[in-house]
Amino acid sequence: MLEFQESHVFTFRNQLMDQLSGGTAASVIDRGLWTDFPAAPTVQPNMLNVDAGTFTCCMGDGPTATVKVVQEHGQVTLSSDTTGLPDRLTPAEAAVLITILRREEFGVFFRPLLRHRKLRQAAIAYGLEHEPDLERYLMPVFSDGRLIIRPRLAGLLPLTSPRLRMLSDQAELYQHQPHRQPVSTPPADRLAVVISRHKYYRNPIVELIDTELTKSGRLKPPFTRIDPLKLATAATSADEAKFYAAIAQLQQVQEGDRTTWDLKALQIIVENGRNCRFYYHDEQFSENFSSKSLMPVKTALLHGAMRLSVRTEGVCYALTGAITLAEKSYPLQALPLKFSYFLQSDDNILYLLDHPLLCTVTVLLKESGGKLLVHASKFRDFQRLLDKLADSICVEYPDVKQGTAEQLAETGLGAPLERVIYLSDFGDQVMVIPVVRYGDAEVAIRTEKQLKAMDGKGNDFLVPRDSDFEQTFIELLVKQHPHFAEQLNNQLYYFYLHKKYFLEEEWFLPVFDTWYEAGIQVFGFNELTNNKLNPNKVTVDIKIISGLNWFNATHLVRFGKKKASLKKIQAALRNKSKYVALDDGTVGILPKEWQEKFRQYFLAGKVVDDETIRFASANFETVATLYDTSMFDEKANEEIKMLRERIADLGSAQPVAEPRSLTVRLRPYQRQGLNWLGFLDSVNFGGILADEMGLGKTVQVIAFMLSQREAGRIGTDLVVVPATLIFNWQRELANLAPSLTLLTLYGAGRAKSIEAIGRHDVVLTSYTTLLADIRFLKNFAFNSIYLDESQNIKNPDSQRHKAAKLLQARNRIAISGTPFENSSFDLYGQLSFACPGLLGDKRYFRDVYGKPIDQFKNQKRRKELQRKIQPFILRRTKQDVASDLPEKVSVILYAEMGDQQRKIYDAYEKEFRDFVSALSGEELDVSPMHVLRGLTRLRQICNSPALLPDGMLNTAVSAKIAVLKEQIQDKAPYHKIVVFSQFVAMLHLIARMLDDIGVRYVSLTGSTRMREQVVNAFQEDPAIRVFLISLKAGGTGLNLTAAEVVYLVDPWWNPAVENQAIDRVHRIGQDKKVTAYRLVTPATVEEKVLQLQATKRALADGLVGSDASFFRTLDKDQLLGLL
């Protein structure tokens, strides 16, 4: 219903429309309107339904008002957008109400008795007059200014319906008539084809008549004309249908020049009417058809029978014509011209002049007495006309002699012949015109044109055409398409093919290729309407050369003479298109084979210019697989051979001498790591040193730095570490390699000049400082770059990763005990820094390795990736190489929550479960931080409800602190202890407990400034028994061999993070058994964490692994499974 702003409402309570009257309405009309109210106010309905409607009311010259009327709940309510007294009807409301009461076509919608009467009247036509509930079948509708009673059911029709009456009339008609027989063609002995002229327009027409023959063979009246279109519908073949359709076309009246249309129709009639009896109407005997005026005749096409001849006659040139029929030549004027298009021979055959030019020339010569004279002074101009005619009619020059060898040589006509094809639009067809070039002259070879030239003395001579050369050309074309073979006898100077067939790539590309191989030039292809295709097959010439640490593959891609840039090909493939844009505005078609090849090229390498894709040397196996050996130059082939041999014999790599200035002796596996670093450096490869925590990765890197200096290598090395490890590296460099000069770029007073960097052997900085100083650091060419804890750049979209990639260096090494934390993409981020190009671009890695391995556990892809990265990652575990390390034991301690703590946990878990259940998959994807916050609160409650933020609960109950208190009281007198927690607030609660029981301790969190002093105090002071450490602040880079007991207060999703923490104690230099205790609250989210740890550990081990990013990999069901 029409919506509007209601300004006034009036209700007749406990009254329906049938109970209202004009008097009732008058009693509530404002300002005595009733006495002056017209009988037919200007009220128009906008919408009418049963018991509801909106109206537009115009009160004379006043404004138009909108009124709504609703009848429901035993009352009638009128509302309008006009103002008025609350207990009175406005003038507009009153006008509408009285109109409803007075006009049945409106009242029927509000007055049930009136509506029932109207429906009952209409029901008779439907046979529904005895139905008790008529509103079930019929309804009132106000349409086009009148009331209509319509059926509610779409298929319900009254017997008085016009449609039913029409059907009845047709049935009655067929009932009293015999069934029509299919249209049949009269017998051949009764059907005659008559050629005549239109009575008024005088153009030739052809008619079909049904008649009998007299004994003398003449046609016998009556002559019954037959509609050719009716016979066309009964035709049994396509040729028969075309025959009748052509006759019908000739009978149609057309304005303008109809010569072409008429000739085409007559040609079809003559060709397909060979078995018909033809007659022509001779109007000399009668204007109407009669036995005497209809003359029998035969018909035939005039194929190449006309020849024009040009001779000299005194000061003029004479043009004459002749016709050859049945090997007998007739002067053109000797044969009668019938019906404008036929020549009649002596033996009573009408020969159709099948070209408009033949008709025009014939008429012209007949009007000129059989000879056309042109003065010699105008003959050169006339020659141009003759040259045009020669494409369709044979023009001979009997007086002109054939050219001599000297004349041919002088004019260049003795040069080798050239074959040319011209293409042109011809409606929906493409015209294919084969031409042979005789010197500068061109001849359409499907014509009989005589080629005439003039020598230097002004003498004309004829140029002989090479019929064998031209015939070979024709034979080549005819093989290209079956339609061409069908057109050999059509006397046209061209072939033609529908454009949709011509532009089919599977056809024209190989055909053009054949033409080009045959030396045929093709013109006009790109002038065809709406065609931007390049007609040439793609050719790709690839050459591969090697450089310092790359392979360059140059791709010369051509479509004919047009080059295609790699960027244009890349853009086409990105749009999933095979069409490559070329500089001339055309588009080349890239076959599927090359589409797939280029797709692989682009994924594995980087486009550096219009022709070159660059591949990292580390990706040499991929390059060798993608390209044929013949494409590599000699140096590149030798490079790949050398790399394969070196990689295959990696175990026996050239040993690197242990540096003399190193203050410690390397263990055997550390010497192996030194050799591995030396191998990577010798082939300019980067890599990841991924030994397990505690095996001395720092020692191996420092040893390699020293070995390079002792071998004469100059240059500055850059070491980038987390800020918390700055002092560790300073101490290790000072202790292990005092000969190396060190510059630390950290803190407010740090140096910011390239000159200062160049004066030192090693520059040490943090990831945060790297971001701040990248503007000048990127301008310095370092010898090697080492990224410690390189998982800090695992996200290739992070600012840290982008900054690291901007650095210049001869080589790059990533260092991480946990290169794989959350997904295989962690490896991509680090290797794309250390070995750029090894794993392709980010999209390629995600599609080929990331998703299959991480989401679908694809073992084939995992093994494939493992083989690819194996030479570039060196990882040893303590179990593998450090058999002299003491035993490490892991124990789970369960801390059962008390009733109060459990009640709080259960309440929060239910609230969080309801929250996750209410989220859709899409909402979950965009709300990972809300999920992380909820899980974090559950873990905090497992430690102690007092950890909840903003003082939500101040209940300091904690089952874990109770267990820890008992454990520490038992072990502190005999063992030093390290306690890790992710939550600093939990460490504060533990510290309060240690104060209560009198155990001395130190702590390390993100806010600790004097890290070195705190670590030394724990290591060296026997009175300090416990070290409280925040997991993120001290989980890496610390050497805490004085301890032998570790407590992990709160398990984390990532087992690698926990292992890093434990390995602060269990590392080289430890001589005591290490026991690691994980405190777990049973029947909580923490138990599910242990299961997740097992899954992630298996995946990481298979390849060589925090956090909000981890939750993005969990779907709704997996999240609920944690609760």
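Just so it is clear, none of the values below were taken in a lab; they were calculated from the coordinates. Everything quoted here is computed from the prediction, not taken from an experiment. Counting neighbours? That spans all protein chains shown, and the Cβs are built from the backbone with ideal geometry, glycine included.
With point charges of +1 on the Cβ of Lys and Arg and -1 on the Cβ of Asp and Glu, referenced to the Cα centre of the chain, which listed residue (Gly758, Leu938, Gly712) lies farthest in the positive direction of the dipole?
So the residue we want is Gly712.
Report the charge-dipole magnitude of the stretch 330-408 in Debye, nearest 20, computed about the Cα centre from +1 at each Lys and Arg Cβ and -1 at each Asp and Glu Cβ.
300
Each residue of the stretch 63-68 in order: what ³J(HN,Hα) in whole Hz does its phi give by Karplus 6.51 cos²θ - 1.76 cosθ + 1.60, θ = phi - 60°, with x for Gly and Pro?
Computed from phi, the couplings for the stretch 63-68 are x, 8, 10, 10, 10, 10 Hz.
Just grab the label-to-label distance for Phe426 and Thr64, each label 7 Å out from Cα along the Cβ direction, in nm (one decimal).
Label at Phe426, label at Thr64, 6.3 nm between them.
For Cα pairs less than 8 Å apart in space and 6+ apart in sequence, what is the mean separation divided by the residue count of the stretch 424-516, i.e. the relative contact order in percent?
About 32 percent, as a whole number.
Return the sequence-ordered ³J(HN,Hα) values of the stretch 442-453 in whole Hz as given by the Karplus equation 6.51 cos²θ - 1.76 cosθ + 1.60 applied to θ = phi - 60°, using x for Gly and Pro.
Computed from phi, the couplings for the stretch 442-453 are 10, 10, 6, 6, 8, 9, 9, 4, 8, 8, 10, 9 Hz.
Starting from the Kirkwood Rh over alpha-carbon pairs, what translational D in µm² s⁻¹ does the stretch 800-942 have by Stokes-Einstein at 37 °C and 0.692 mPa s?
For these conditions, the coefficient is 166 µm²/s.
Would you kindly work out the equivalent ellipsoid of the stretch 541-646 from its C-alpha gyration tensor and give its semi-axes, the square roots of five times the eigenvalues, largest first in whole Å?
27, 13, 11
Go through the stretch 762-773 residue by residue and turn each phi into a ³J(HN,Hα) via Karplus (6.51, -1.76, 1.60, θ = phi - 60°); whole Hz please, and just put x for glycine and proline.
9, 10, 10, 8, 9, 4, 5, 5, 4, 4, 6, 9
Can you tell which of Leu20, Leu733, Gln570 lies farthest toward the positive end of the dipole of the chain, using +1 and -1 charges on the Cβ of basic and acidic side chains (Lys, Arg; Asp, Glu)?
Selected residue: Leu733.
Would you mind calculating the relative contact order of the stretch 655-881 from Cα pairs under 8 angstrom and at least 6 residues apart, reporting the percent as a whole number?
Working: 362 pairs, mean separation 56.7, N = 227.
For the stretch 655-881, the relative contact order is 25 percent.
Could you work out the mean projected area of the convex hull around the alpha carbons of the stretch 324-417, in square nanometres to one decimal? Provide the component values of the computation, followed by the final result.
Values: hull surface 34.6 nm².
Value for the stretch 324-417: 8.6 nm².
What share of the DSSP beta bridges in the stretch 541-646 is antiparallel, in percent to the nearest 5?
On the way: 19 of 20 bridges.
The antiparallel fraction comes to roughly 95 percent.
In debye, nearest 20, what is the charge dipole magnitude of the stretch 444-494 about its Cα centre with +1 on Lys and Arg Cβ and -1 on Asp and Glu Cβ, if you could check?
140
Return the percentage of antiparallel bridges among DSSP beta bridges fully within the stretch 262-420, rounded to the nearest 5 %.
If I count the DSSP bridges inside the stretch 262-420, around 80 percent turn out antiparallel.
Which order do the peptides 615-621, 899-905, 930-936 come out in when sorted by mean C-beta neighbours inside 10 angstrom, highest first?
Taking the mean over residues of other Cβ atoms within 10 Å, the ranking is 615-621, 930-936, 899-905.
Among Phe473, Gln44, Pro221, which residue has its Cα positioned farthest towards the positive end of the charge dipole of the chain, with +1 placed on the Cβ of Lys and Arg, -1 on the Cβ of Asp and Glu, and the dipole taken about the Cα centre?
Phe473
What is the antiparallel percent of DSSP beta bridges lying wholly in the chain, to the nearest 5?
65
Whose amide H sits under 5 Å from the amide H of Tyr438, counting only residues 5 or more places off or on another chain, with H placed in the peptide plane?
Val443
Report the net charge of residues surrounding Gln480, where surrounding means a beta-carbon distance below 14 angstrom and charges are Lys +1, Arg +1, Asp -1, Glu -1. Each step should come with its number before you reach the end.
Working: positive: Arg419, Lys479; negative: Glu475, Glu486, Glu504, Glu506, Asp513, Glu517.
Within the 14 Å Cβ shell, the charges total -4.
Would you work out the relative contact order for the stretch 875-1020, in percent, from Cα pairs under 8 angstrom that are 6 or more residues apart? Show your work: numbers first, answer last.
Numbers: 79 pairs, mean separation 25.2, N = 146.
The value is 17 percent.
Across 10 Å bins from 0, what is the distribution of all Cα-Cα pair distances for the stretch 8-110, in whole percents?
In whole percents, the pair-distance histogram is 16, 56, 27, 1.
If the reach is capped at under 17 angstrom between alpha carbons, list the aspartates and glutamates near Lys452, excluding any in the same chain fewer than eight residues apart.
Of all the aspartates and glutamates, those that pass the test against Lys452 - Cα under 17 Å, at least 8 places apart if same chain - are Asp381, Asp387, Asp391, Glu396, Asp399, Glu406, Glu410, Asp440, Glu442, Asp460, Asp466.
Would you mind checking Lys562/Lys635; Lys567/Lys635; Lys567/Lys857; Lys543/Lys842; Lys568/Lys635; Lys199/Lys292 for any pair whose Cα atoms are more than 23 angstrom apart?
Result: Lys562/Lys635; Lys567/Lys635; Lys567/Lys857; Lys543/Lys842; Lys568/Lys635 exceed 23 Å.
Remind me, what semi-axes does the stretch 655-881 give for its equivalent ellipsoid, largest first in whole Å, using sqrt of 5 times each Cα gyration tensor eigenvalue?
Equivalent ellipsoid of the stretch 655-881: 28, 22, 15 Å, largest first.
Using the Cα centre of the chain as the reference point, and only Cβ charges (+1 on K/R, -1 on D/E), how large is the resulting charge dipole? Debye, rounded to the nearest 20.
1920
In the set (i) 50.8, 147; (ii) 39.5, 118; (iii) 35.7, 108, which value of Rg and Dmax of the Cα atoms in Å was calculated from the structure you see?
(i)
Listed highest first by mean packing, meaning other Cβ atoms within 10 Å per residue, what order do 337-348, 447-458, 100-111 come in?
Numbers: 337-348: 17.4, 447-458: 15.3, 100-111: 19.6.
Put in order of decreasing packing, that is 100-111, 337-348, 447-458.
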